[in-house]
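Below you'll find the structure, written out as structure tokens, and then a few comments.
The values are calculated or read from the model by the stated rules, or taken from the named source; none is laboratory data. Since we're looking at a predicted model, the values are computed, not measured. When we count neighbours, we look across all protein chains shown, and the Cβ atoms used for this are built from the backbone with ideal geometry, even at glycine.
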Amino acid sequence: MTNATIDRSVDRAPIPRATPSPIPFTRILWVELTKMFNTRSGLWLMVSIGLTALTATGAVILFASDSELTYDNFGAAIGFPMVVLLPVVAILSVTSEWSQRSGLTTFTLVPQRGRVIGGKLTVAVLVGAVSIVVALGIGALGNVVGSAIAGVDTVWDISMNQALSIVLANVLQLLIGFMLGVLIRNSAGALVAYFVYNFVLSTLAMLLATSQDWFRDLQPWVDFNFAQGALFDGGLTASEWAHLGTSGLIWLVAPLAVGLAMVMRSEVK
Amino acid sequence: MIDITALTRTYGGLRAVDDVTFSARPGRVTGFLGPNGAGKSTTMRVMVGLTPPTSGSATVLGRRHADLPNPGREVGVLLDASAQHAGRTGRETLKVAARTMGLPMSTVDDMLDTVSLTPKEAERRVKNYSLGMRQRLGIATALLGDPEVLILDEPANGLDPAGIRWMRDLLRGFANKGGTVLLSSHLLHEIEVIADDLVVIGQGRIVAQGTKDELLASAGTIVRAGDLIELGRALTGSGIHVVALGDDGYRAEAAPELVGKVAHAAGVPLHELRAADGAGLEEMFLELTAETSREGAAA
């Protein structure tokens, strides 16, 4: 290659520009939050969560007997669809980057994948925490309105401790969704895995525990679903915390670490 | 400015990119040419950090892409127009990119205008876009941050002739303002009309590179004559390499003046004598990539 022919380009060399300032993490958070809800699937997930929460509140008011019009029941009715559907939001926020291949743009604009994934994680946890607080709020409203309609005393049977446990349970579910998304990086695959993880595995573990003595003692330590169950019943005892920690290490922390390592190294195609 | 140095990327035993070195310079459009599966896209993915290299390096504006503080403001990238979230509208897609780069939302409307996507089209979800529209949206994303460097992989795919013309003018304007453009294609004709420099790649290796003028000149001379045997003997005798072109001519690897002189000295009347230019470049492209292309020696 000779230089004779490039001379004309030299006098057109670009004017030196100021180096742009780095992308702050708060901006990544805001972008990831937007991305969760500005797709068709994100939109409909939110709509369906809202609708099921409303339907559930209405159903409790209509069908529950007077003695069942308690805060606990309202909270559970609204919380359940959220606990099931919000992790799907977390899953899709990760997997769509691969399945929809939008990661090509995302990781080109922000090459530090850890920042993007960290942003998604933070947003997922925040959305989980905020939405369960909203659920408890709607539940409180339903409780007041429902008991007034039925003409019974309003029953407040969720303690602060219990409310915090429920928030934690919801956040854990979101983290499970997030973990499966990071590990599998395919929308359909991760969704199937999520339902297997939550509904098939817990049933299998239950069957195993009823038929095998040795597993019955082991179950709280290795069955993450089982250990989480205690969260919905209120404050955890020290051994219940130990169960949650141990089983969580196996079923959440370890696979998440593997998934994150894979995300950092894998090719984005 | 893009600098690729001794870049290699292997997949198992396959060397998808094999010791590739080239530069794309400011103020010029560099065409990255090669048959399907030659390693163009892999090289481009390494440039923007989506694929880690096995060895070697790729820098943009003197830095690794991952070290750019806000890459979208310095490098515009379009690797695959289909790689956009199908459930997001065109406008939302651009808004996400604009927000990531920290740009005002007004740039989104300006850019939609630049790539001729109507407000109505921008409200539709990408799922319903034609390939040409996706290509325009992808180019809009690449241009959004007003970058100094453009890296575009097969950007003309799916564009209609008017769209191709529009893109050619756009890239030319970008380079004329001092920008660096690297665009890949497997179609020589597409690249030939726009590129200043060419890098030809086949099976992961660079088979030719230089300015288009140089490569055109090296493409040689087309010469036709009645007595082909005598002409061939004379040219070869003068140390000029010839390649048969059909049954009445050669492509001689020398300037037309020299070929004419040799023919005259040998007393062979010529039917045609001209610089090979585009036709020669195409033949050279096929020849260079023949052993590496799927069709074998199709040339």
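Can you report the number of residues in the range A:49-61 which are closer than 15 Å to A:VAL134 by Cβ and of a type in the set (Gly, Ala, Ser)?
3
Enumerate the helices (runs of 4 or more DSSP H) found wholly within the range A:154-243, keeping only those where 2 or more residues are of a type outside the set (Lys, Arg) and in contact (Cβ under 8 Å) with a residue 40 or more places away in the chain.
Those helices (runs of 4 or more DSSP H) span A:160-184, A:187-195, A:224-232.
Of everything in the range A:18-43 that's more than 7 Å from chain B (Cβ to nearest Cβ) and within 21 Å of B:PRO147 (Cβ to Cβ), which residue is modelled with the lowest pLDDT?
A:ALA18
Quick check: anything in the range B:74-95 more than 26 Å from B:MET111 (Cα to Cα) and either touching a helix residue (DSSP H, G or I) at 6+ places or on another chain (Cβ under 7 Å) or surrounded by fewer than 23 Cβ atoms within 10 Å (Cβ to Cβ) (or both)? Reasoning before the result, please.
First, pick out the residues of the range B:74-95 that are more than 26 Å from B:MET111 (Cα to Cα): none.
No, every residue in the range B:74-95 fails to be more than 26 Å from B:MET111 (Cα to Cα) and either touching a helix residue (DSSP H, G or I) at 6+ places or on another chain (Cβ under 7 Å) or surrounded by fewer than 23 Cβ atoms within 10 Å (Cβ to Cβ) (or both).
Any idea which of B:ALA81, B:ALA98 is part of a loop (DSSP other than H, G, I, E, B) and among the aliphatic types (A, V, I, L, M)? Let's see the steps before the verdict.
Numbers: B:ALA98 fails: part of a loop (DSSP other than H, G, I, E, B).
When all the criteria are applied, what remains is B:ALA81.
If I filter the range B:59-85 down to residues being more than 16 Å from A:GLU267 (Cα to Cα) and touching a strand residue (DSSP E or B) at 6+ places or on another chain (Cβ under 6 Å), which single residue comes out as farthest from the other protein chains (Cβ to nearest Cβ)?
B:THR59
Filter the range B:119-130 down to the residues that are within 12 Å of chain A (Cβ to nearest Cβ) and not in a loop (DSSP other than H, G, I, E, B) and list them by number.
Step one: filter the range B:119-130 for residues within 12 Å of chain A (Cβ to nearest Cβ), giving B:124-128.
Correct list: B:ARG125, B:VAL126, B:LYS127, B:ASN128.
Any residue that is away from chain B (no Cβ under 14 Å), more than 30 Å from B:GLU92 (Cα to Cα) and in contact (Cβ under 8 Å) with a residue 40 or more places away in the chain - is there at least one of those in the range A:87-104?
no
Filter the range A:101-133 for residues that are in contact with a helix residue (DSSP H, G or I) (Cβ under 8 Å, 6 or more places away or on another chain) and closer than 22 Å to B:GLY138 by Cβ and give the result.
A:SER102, A:GLY103, A:THR105, A:THR106, A:PHE107, A:THR108, A:LEU109, A:VAL110, A:PRO111, A:ARG113, A:VAL116 - these are the residues of the range A:101-133 that are in contact with a helix residue (DSSP H, G or I) (Cβ under 8 Å, 6 or more places away or on another chain) and closer than 22 Å to B:GLY138 by Cβ.
Do any strands (runs of 3 or more DSSP E) entirely within the range B:131-234 hold 1 or more residues that are within 14 Å of chain A (Cβ to nearest Cβ) and within 22 Å of B:GLY76 (Cβ to Cβ), and if so, which?
Counting at least 1 such residues, we get B:149-153, B:180-185, B:197-202.
Given (1) farther than 22 Å from B:GLU192 by Cβ; (2) surrounded by 15 or more Cβ atoms within 10 Å (Cβ to Cβ), identify the lone condition not met by B:ALA265.
Every listed condition holds for B:ALA265 apart from (2).
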